[in-house]
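Structure, as structure tokens:
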Amino acid sequence: MTKKHKAIALISGGLDSLLAVRVLQEQGIEVEGINFYTGFCVEGHTHAIRNHDKDKQKRNNALWAAEQLGIKLHIVDVIEEYKDVLLNPKHGYGANMNPCLDCKVFMVSKAVEWVKENRKDGFDFIITGEVIGQRPMSQRKETMPIISEESGADDILLRPLCAKNLPATKPELEGWVDREKLYDFSGRNRKPQMALAEKFGFKDYASPAGGCCFLTDKNYSAKLVDLWEGRGSREYEMDDIMLLKVGRHLRPKPEFKLIIARDAGESKYLEGYRKQFVTIQVVSHNGPLTIIDGDITSDDYELAAGIVARYGQGRDAEQVEIEISVPGQEKLTMTTKPLSIDEVLEDWHV
Amino acid sequence: MSTHELDARRMLCPMPVIKTQNKIKELADGDILDVICTDPGALSDIPAWARINGHEVVGHRENDDELIISVRVSR
Ligand code: SF4
């Protein structure tokens, strides 16, 4: 009996990584999963915020995938390190703010690091669910060797779903895995993956349309760019990333924007930010909690209050009472007339 | 065997899971970790994480808006 070989698999939670792992398990390879949390992942957080999402399935797909596969999953917080990937991608961005190629290189390099740090666990190689031609930016025939080289993984990076279209890697050359039993998927057609999923009996798997993170989303990217422009610097903290997913964002002036909760769930979530931000709320009527991101002076309170009032139940009232609270100061109340629908300009909406 | 507490209030998933995972690395077999969180998503994610990695969720209780999930460490 030869030694059982071990692989660490990048798990996004999508179908491809699920299949890649199962293909190797079928060959008797022992697999563990690793999942990187950049802060932008579609997984998790927003699901808990909005009211109407409460009933939606709240599973984390990476955890779900690991459970289906019966493998351990290590989730790694890479929020800080990821900033440099997003801010300075050597290979540029995709259709939106998604630096997919650099992101892949980064993640594989983190997996390489993991293998080294956990040498006692004896991982022999790394696998991903990449498929040639699947994604226009990061998954092309030319990008596969770039990822292998720049990540430092070189020939210990195996892509079971398209291995047959690529030069043989060490696990294949050494006979740890049988190349013949790997696949040659390519292109955007998902049918072969779906057929394989069927064969393995996987159901209810996640198939995100755009990609694995919010950076492929047009609206989200626009908000991120707006945030950087508003601040005059391309920096962000975890709270910023979260807040871009919550509420309606309106920027009536370059110096500040309003984040207006869209329902009670979001209001409650924004409550948690009261100590950090100026908040505005209608008190004479029901209305959403709003936080102000940026620098607002008292000259603009009237404007901001009018906008906030527009989104509360008192929108048609002559006057509403508003409470403004600035962290560390006494609360301020004022009455204001809600702006009319036409007064809330289209291009304020981020 | 001892009981430990982890404050994961205001963190959104998967952060409570990551913090739980990292904390449990330091704990011994049989120890109990009470994770205090506010994201209801943790109620499905922490048990899923525990199942996968061989630990056991021995109970959970709710306190106002807080959720306390108790995990027993298994080595
Ligand atoms: S979609 Fe997001 S997480 Fe996925 S490769 Fe692109 S940048 Fe990375």
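So which of A:Lys6/A:Lys181; A:Lys104/A:Lys141; A:Lys6/A:Lys141; A:Lys72/A:Lys268; A:Lys191/A:Lys218 end up more than 23 Å apart by C-alpha? Over 23 Å Cα-Cα: A:Lys6/A:Lys141; A:Lys72/A:Lys268; A:Lys191/A:Lys218.
In this simple spin-label model, placing a label point 7 Å from the Cα along the Cα-to-Cβ direction at both B:Lys25 and A:Lys3 gives a separation of 2.4 nm.
Counting only the Cα atoms, the stretch A:246-348 fills a convex hull of 89 Å³ per residue. Given R0 = 51 Å, the distance between the Cβ atoms of A:Ala317 and A:Arg140 translates into a calculated FRET efficiency of 0.35.
Would you work out if the stretch A:6-214 is rounded, prolate or oblate? Take a ≥ b ≥ c from the square roots of the eigenvalues of the alpha-carbon gyration tensor; rounded if a/c is under 1.5, else prolate when a/b is larger than b/c, oblate otherwise. It comes out rounded by the Cα gyration axes. Taking all protein chains together, B:Asp31, A:Asp239 sort by accessible area into A:Asp239, B:Asp31, largest first [probe 1.4 Å].
Ligands, DNA and RNA aside, A:Val115 has an accessible area near 20 Å² when probed at 1.4 Å. DSSP bridge analysis restricted to chain A gives an antiparallel fraction near 60%, rounded to the nearest 5. Be a star and scan the stretch A:277-299 for residues whose amide nitrogen sits under 18 Å from the point 7 Å along the Cα-to-Cβ vector of B:Arg9. Answer for the stretch A:277-299: A:277. Considering Cα pairs under 8 angstrom that are at least six residues apart, work out the relative contact order of the stretch A:6-214 and quote it in whole percent. The value is 26 percent. Cα centroid separation, the stretch B:44-75 to the stretch B:1-24: 10 Å. Across chain A, the relative contact order, built from alpha-carbon pairs under 8 Å that are at least six residues apart, equals 15 percent.
What the Cβ-Cβ distance of A:Val78 and A:Glu30 gives, at R0 = 22 Å and to the nearest 0.05, is a FRET efficiency of 0.35. Based on protein heavy atoms only, the protein assembly as shown ends up with 46 Å² per residue of surface accessible to a 1.4 Å probe.
Taking all protein chains together and rolling a 1.4 Å probe, B:His4 ends up with roughly 50 Å² accessible. Principal-axis analysis of the Cα atoms of chain B puts helix B:15-24 at an angle of about 20° to the longest axis. Taking every DSSP bridge with both residues inside chain B, close to 70 percent are antiparallel. Simple point charges give the picture: +1 on the Cβ of Lys and Arg, -1 on the Cβ of Asp and Glu, and for chain A a dipole about the Cα centre of about 1280 debye. For the stretch A:196-350, the Cβ-based charge dipole about the Cα centre amounts to some 540 debye (Lys, Arg positive; Asp, Glu negative; other atoms uncharged). In this rough spin-label picture, where each label sits 7 Å from Cα along the Cβ direction, the B:Ser70-A:Asn219 distance is 4.2 nm.
Here is the P(r) of chain B: all C-alpha pair distances, binned every 5 Å from 0, give 3, 19, 33, 27, 13, 4, 0 in whole percents. Kindly provide the helix-only [θ] at 222 nm of the protein assembly as shown, computed as the sum of -39,500 (n - 2.57) over DSSP H runs of four or more divided by all residues, to the nearest 500 deg cm²/dmol? It lands at -9000 deg cm²/dmol.
Across all Cα pairs in the protein assembly as shown, the calculated P(r) in 20 Å bins from zero up to the longest distance comes to 24, 50, 23, 3, 0 percent per bin.
For the stretch A:6-214, the dipole from Cβ point charges (+1 on Lys and Arg, -1 on Asp and Glu) about the Cα centre works out to 680 debye, to the nearest 20.
Short-range pairs are left out: with C-alpha atoms under 8 Å and at least six residues apart, the relative contact order of the stretch A:246-348 is 25 percent.
The values are calculated or read from the model by the stated rules, or taken from the named source; none is laboratory data. For clarity, every value in this text was computed on a predicted model and none was experimentally measured. Cβ sites come from the backbone with ideal geometry, for glycine too, and all protein chains shown count toward neighbours. Just so you know, the surface numbers come from the protein's heavy atoms only, side chains and all, with ligands and any DNA or RNA stripped out. Shrake-Rupley method; radii C 1.70, N 1.55, O 1.52, S 1.80 Å.
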